[in-house]
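The values are calculated or read from the model by the stated rules, or taken from the named source; none is laboratory data. Just so we're clear, the structure is a prediction, and the values are computed from it rather than from any experiment. Glycine gets a Cβ as well: all are built from the backbone with ideal geometry, and neighbour counts include every protein chain shown.
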Amino acid sequence: MPDTASADLVFTGGPVHTGSPARSRATSVAVRGERVVAVGHDEVRELIGPDTEVVDLTGKLLIPGFQDAHAHPVGGGMELGQCDLSGETTLAGYRERIAAYAREHAEAEWITGGGWSMESFPGGLPTAAELDALVPDRPVFLVNRDHHGAWVNSAALRRAGIDAGTPDPSDGRIERAADGSPTGMLQEGAANLVGRLLPRSTREERIAGLLRAQELMHSLGITAWQDALLGSHANLTDPTDAYLACADDGRLTARVVGALWWDRARGTEQIEELIARRAAGTRGRLRSTTVKIMQDGVAENGTAAMLGPYLDGCGCHSDNSGISFVPPEDLKKYVTELDAHGFQVHFHALGDRAVREALDAVEAARRANGRSDTRPHLAHLQVVHPDDIGRFRELGASANLQPLWAAHEPQMDDLTIPFLGAERAGRQYPFGALLRSGATLAAGSDWPVSSPDPLEGIHVAVNRLLPDAEPGTPVFLPEQRIGLADALAAYTAGSAYVNHLDAETGTIAPGYLADLVVLDRDPFAGPAEEIGSTRVTQTFVGGRRVFG
């Protein structure tokens, strides 16, 4: 017998993109409690009762809630309250913001924050001298936009005891002048030489950062995410307590999967601790069921692990092929044991060697344990060797894309392509090839590395151009473009699959949770170059309006 009880909420009067391949479009959706109870057309309006809230879409598009498969919301939210350099790209602009922040926080022992862009400095390398002129008396620690390096002043170098005789750590590099003295730029693990001295954030600051981030992400239509680092690393304090506090008191309105940080200085002895943290960190809307392994760095500073050497400034082969943070044979062992304990593994794999090492580890786990529903996924995938494209589908490893990076902009054109060389540069962010191979695509932002706005990411996935690209900017590897429906699926159903939420979210269907987003237009009805102008007007999680 059909369900005829009144709905609590009905969306009608506009297109509905369900995300279902069998029935991709509807015009009305009814919600009762937390769940969708009907999807269809005029017949759904029969569920409107005297107490039903009716949302008139007036031609706007209703879609499933976005899910970010790789983000750092607590850190991003906290940075918004620190010395925030994001959105600025000039040295003059950085000077103005840093000086103003230092004046306004005269009591602060340290000046911390970040978000600066590497292309703003020759070779991507700012110097301590530039900060010394602004803040000579207190240590300064400012992470760059991609969070793989830190700009510090002389006071910070002195505080950490870093001088010409300080050796590089195994997982990083101290940039140096000709005489060996540090210049003020610390790459990868070298940033921790100073970062470990920073004042630790308080629980209240982490909660405030989480709530600030959640408000922003809901305003962008994000209803769920995977936090790519629960644990302590470099200057980051474990945000787990903030999540648990908000999960317990109901302030965590998003659905969150936490990726527990794998300490690469240790081995399998940490797995028992991870099992205990999984149990303690799974309650309410938080599930700490994933382990994050960072296998390499980034291409811009030469730490992404490549199958061949980087080129130098003259276009010749250098002696650097990047860093594999976990030895490949150890990685196989660790992933196999994690998989046996039911953990999903979330890899940071950016260079083609790191991608291959991560896939080899998944293959070793499959061979040892058989196929299970652990759903490993590889994030970033800047350079993928053609021989490895088909292995994602074969191994059941999802491709976790950060689409905003797949475009021509100064960091790509000045700091990446010249040092990769033409052949490898042509293999970057192979979204189209992965899709055609049958790989499962998920998508995320890596915020605060880049904007958390899924619609900006979708715009780039479809156009391979930034939304604000100057006229005449060339399309970045146009053969790797994907369609709007596929890009939207990656940010909804694909990420829901990675988050083990696909049985209840990611599409709009009866019985599914009412995690829904109203856009200000139907981007399918307009030109592809206008996708990035689309905005979110309302966001619902479990039938409850959390934005709009």
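Looking for whichever is closer than 30 Å to Gly114 by Cβ and either of a type in the set (Phe, Trp, Tyr) or assigned by TED's automatic domain parsing to the domain that holds Leu434 (or both) here; the options are Gly532, Gly472, Gly457. Which one fits?
Gly457
Within the range 212-242, which residues are among the aliphatic types (A, V, I, L, M) and touching a Leu at 6+ places or on another chain (Cβ under 9 Å)?
Ala213, Leu216, Leu220, Ile222, Ala224, Leu229, Leu230, Leu236, Ala242, listed by residue number.
Restricting to the range 358-372, count the residues that are surrounded by fewer than 24 Cβ atoms within 10 Å (Cβ to Cβ) and touching a residue at least 12 places away in the same chain (Cβ under 8 Å).
Total meeting the criteria: 9.
Among the numbered criteria (1) within 30 Å of Leu131 (Cβ to Cβ); (2) in contact (Cβ under 8 Å) with a residue 24 or more places away in the chain, which one does Asp238 miss?
Status for Asp238: all satisfied but (2).
Scanning for something within 18 Å of Trp447 (Cα to Cα) and without any contact (Cβ under 8 Å) to a residue 40 or more places away in the chain, does the range 162-172 turn up at least one residue?
No - not one qualifying residue is present in the range 162-172.
Taking the residues in the range 311-326 that are part of a loop (DSSP other than H, G, I, E, B) and either of a type in the set (A, V, I, L, M) or loosely packed, with under 13 Cβ neighbours inside 10 Å (or both) as candidates, determine which candidate is modelled with the highest pLDDT.
Across the range 311-326, the extreme among qualifying residues is Val326.
Test Asp227 against the criterion of being within 28 Å of Asn301 (Cα to Cα), part of a strand (DSSP E or B) and under 22 Å from the mean Cα position of the chain (by Cα), and give yes or no.
yes
Hey, any hits in the range 402-409 for a residue that's among the acidic types (Asp, Glu) and modelled with pLDDT under 95?
Yes, some residue in the range 402-409 is among the acidic types (Asp, Glu) and modelled with pLDDT under 95.
What do you reckon, is Ala234 at pLDDT 95 or above and buried (at least 16 other Cβ atoms within 10 Å of the Cβ)?
Numbers: at pLDDT 95 or above: no; buried (at least 16 other Cβ atoms within 10 Å of the Cβ): yes.
Taking the combined requirement at face value, the residue does not satisfy it.
Looking only at the range 289-307, decide whether some residue is farther than 23 Å from Ala224 by Cα, touching a Gly at 6+ places or on another chain (Cβ under 8 Å) and free of Cβ contacts under 8 Å to residues at least 40 places away in the same chain.
No.
If you scan the range 100-157, which residues turn out to be under 11 Å from Cys83 (Cβ atoms), in contact (Cβ under 8 Å) with a residue 60 or more places away in the chain and of a type in the set (Asp, Glu)?
Within the range 100-157, no residue meets the criteria.
Within the range 328-353, count every residue that is within 12 Å of Ile293 (Cβ to Cβ) and not in a helix (DSSP H, G or I).
Residues in the range 328-353 being within 12 Å of Ile293 (Cβ to Cβ) and not in a helix (DSSP H, G or I): 7 in total.
Arg283 fails exactly one of the following numbered conditions: (1) free of Cβ contacts under 8 Å to residues at least 60 places away in the same chain; (2) farther than 19 Å from Ala228 by Cα. What is the number of that condition?
(2)
Would it be correct to say that Leu286 is crowded, with 19+ Cβ neighbours inside 10 Å and in contact with a Cys (Cβ under 7 Å, 6 or more places away or on another chain)? Spell out how you get there, then give the answer.
Details: crowded, with 19+ Cβ neighbours inside 10 Å: yes; in contact with a Cys (Cβ under 7 Å, 6 or more places away or on another chain): no.
Here the answer is no, as Leu286 does not meet what is asked.
Being under 27 Å from Ala487 (Cβ atoms), within 26 Å of the chain's Cα centre (by Cα), β-branched (Val, Ile, Thr) and modelled with pLDDT of 95 or more is true for just one of Thr18, Thr89. Which residue is that?
Thr18
Scan the range 11-39 residue by residue and report those that are outside any strand (DSSP E or B) and without any contact (Cβ under 8 Å) to a residue 40 or more places away in the chain.
Pro21, Ala22, Arg23
Does any residue in the range 409-427 that is free of Cβ contacts under 8 Å to residues at least 12 places away in the same chain come within less than 6 Å, Cβ to Cβ, of a residue that is of a type in the set (Gly, Ala, Ser) six or more places away or on a different chain, and which pairs are these?
Ile417/Ala425
Out of the strands (runs of 3 or more DSSP E) lying entirely within the range 128-217, which hold 1 or more residues that are acidic (Asp, Glu)? Give the derivation first.
Working: elements: 140-144, 149-152, 172-176, 182-188.
Strands (runs of 3 or more DSSP E) meeting the threshold: 172-176, 182-188.
Could you list, ordered by first residue, the pairs with Cβ atoms under 9 Å in which the first is in the range 524-539 and on the phi < 0 side of the Ramachandran plot and the second is polar (S, T, N, Q) and surrounded by 15 or more Cβ atoms within 10 Å (Cβ to Cβ), at least 6 apart or interchain?
Gly526/Thr534; Ala528/Asn463; Glu529/Asn463; Ile531/Asn463; Gly532/Asn463; Val536/Ser219; Thr539/Ser219; Thr539/Thr223
Hey, can you tell me all the residues within the range 173-196 that are in contact (Cβ under 8 Å) with a residue 60 or more places away in the chain and surrounded by fewer than 23 Cβ atoms within 10 Å (Cβ to Cβ)?
Of everything in the range 173-196, just one residue is in contact (Cβ under 8 Å) with a residue 60 or more places away in the chain and surrounded by fewer than 23 Cβ atoms within 10 Å (Cβ to Cβ), namely Arg173.
Tell me which residues, restricted to the range 496-543, are of a type in the set (S, T, N, Q) and in a loop (DSSP other than H, G, I, E, B).
Here is the first cut: in the range 496-543, the ones of a type in the set (S, T, N, Q) are 499, 505, 507, 533-534, 537-539.
Scanning the range 496-543 gives Asn499, Thr505, Thr507, Thr534.
Answer with yes or no whether Glu456 is at pLDDT below 95, out of contact with any strand residue (DSSP E or B) (no Cβ under 9 Å at 6 or more places or on another chain) and not in a strand (DSSP E or B).
no
Going through the range 531-548 one residue at a time, which ones are closer than 17 Å to Val37 by Cβ and charged (D, E, K, R)?
Of everything in the range 531-548, just one residue is closer than 17 Å to Val37 by Cβ and charged (D, E, K, R), namely Arg544.
Across the range 52-88, which residue is surrounded by the fewest Cβ atoms within 10 Å (Cβ to Cβ) among those that are assigned to a loop (DSSP other than H, G, I, E, B), of a type outside the set (D, E, K, R) and without any contact (Cβ under 8 Å) to a residue 60 or more places away in the chain?
Out of the qualifying residues, it is Thr58.
Those residues that are among the acidic types (Asp, Glu) and more than 26 Å from Leu501 (Cα to Cα), I need them from the range 521-548; list them, please.
Hits for the range 521-548 are Glu529, Glu530.
Go through the range 474-497 and report how many residues are surrounded by 14 or more Cβ atoms within 10 Å (Cβ to Cβ) and either over 22 Å from the mean Cα position of the chain (by Cα) or under 18 Å from Met412 (Cα atoms) (or both).
Residues that pass the stated criteria total 5.
Check the range 40-51 and report whether any residue there is in a strand (DSSP E or B), surrounded by 14 or more Cβ atoms within 10 Å (Cβ to Cβ) and touching a residue at least 60 places away in the same chain (Cβ under 8 Å).
Scanning the range 40-51 turns up no residue that is in a strand (DSSP E or B), surrounded by 14 or more Cβ atoms within 10 Å (Cβ to Cβ) and touching a residue at least 60 places away in the same chain (Cβ under 8 Å).
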